[in-house]
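Following: one structure in structure tokens, then a few remarks.
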Amino acid sequence: MPMKRALVLITCLMALCLAVQAQANPSFEGTVFVGDSIMQQIGRYRLEQAERGSPVLAGARFLTISSYSLYQGSRVTPVKHKPAPRLRGERVSLPDALHIMEAQRAFILLGMNDEAGSKLDTHMLLYTRLIERTLKRNPGLRLIALSVTPITKGAQTQKLNQQNFNAFNTRLEALCGELGVGYLDVATPLMDEEGFLRPDFSSDNRVHLSKAGMQVFVKTIEAFALGQAAP
């Protein structure tokens, strides 16, 4: 094979490989992931994978605070002495934080620290405020609300239980449809045959995710992003 033709063929193959890789790993430039300690886990998982040469959620940034609540995220000004985003040395609201970060898209995972579904009407009011205030401050932002993730069967309490979580997610999906924002079910892929968090997907036998669980979570997000990018 002539050298020139071989070089052209190699170039074409390299371009094809890069295209396939881009499809398998969608870009998350301009995307901010918002949440509590569960989303913090995803941020750490992303860093670990990048260090191992297997990047996920490429280009994403994370705005995560341990024990961050839907209540706090819905407020115009953060409640003093409660977890809140801190940027440029100051505690800020979620809408302001996303504005400062110049977010173009945001995935939001909140509700677990409010005992999701235990006060369903109140929680939906808070989520409505969060969505409306965030979009008012950030016109053009693509907002995707994530379902709360499941709990293991044996870890349930009177208020923190899968029945409440399911009710919360059902209402949240309907609310997102009414307000014209995205909704993504990240809970179902993590569930066992009974509808609870799979034991092997849990790191604490409660609600936090193991590496296997985080991998499923990330794949669900990336599949969703690929679907959005499809023509």
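Each reported figure results from applying straightforward, stated rules to the coordinates on display, with no laboratory input. Everything numeric in this text was worked out from a predicted model, so none of it was measured. Note: ideal-geometry Cβ built from the backbone for every residue, glycine included; neighbour counts use all protein chains shown.
Build a GNM of the chain with springs between Cα atoms under 10 Å apart, and of Pro26, Pro85, Pro55 the one that fluctuates most is Pro55. Fewest-first ordering of Leu120, Leu143 by other beta carbons within 10 Å of each residue's beta carbon gives Leu120, Leu143. In sequence order, the stretch 89-100 has phi-based couplings of x, 10, 6, 10, 6, 4, x, 5, 4, 5, 5, 4 Hz under the Karplus curve 6.51 cos²θ - 1.76 cosθ + 1.60, θ = phi - 60°, and Gly or Pro positions carry x.
Let me check I've understood the local charge: for Ser69, count other residues with C-beta under 11 angstrom from its C-beta, Lys and Arg +1, Asp and Glu -1. What total comes out? Net of charged neighbours comes to -1. Using a 10 Å Cβ count of at most 13 others and DSSP loop calls, identify the longest part of the chain lacking such GluC sites (Glu not before Pro). The reported range is 103-192. The amide H of Ser202, built 1.01 Å from its N in the peptide plane, has Ser210 as neighbours under 5 Å, considering only residues 5 or more places off or on other chains. Amide H contacts of Phe62: Phe33, each under 5 Å away and 5 or more positions distant or on a separate chain (H built 1.01 Å from N in the peptide plane; Pro and chain starts excluded). Taking Lys and Arg as +1 and Asp and Glu as -1, the other residues whose beta-carbon sits under 12 Å from that of Leu146 total -3.
Summed over all non-identical Cα pairs, the Kirkwood treatment of the stretch 29-229 gives a radius of 17.0 Å. Across the chain, the longest run free of exposed loop sites, meaning trypsin sites (Lys or Arg not before Pro) lying outside DSSP classes H, G, I, E and B with no more than 10 other Cβ atoms within 10 Å, spans 89-231.
Within a straight-line Cα-Cα reach of under 28 Å, Lys219 can be paired with the following lysines, leaving aside sequence neighbours fewer than 8 residues apart in one chain: Lys153, Lys211.
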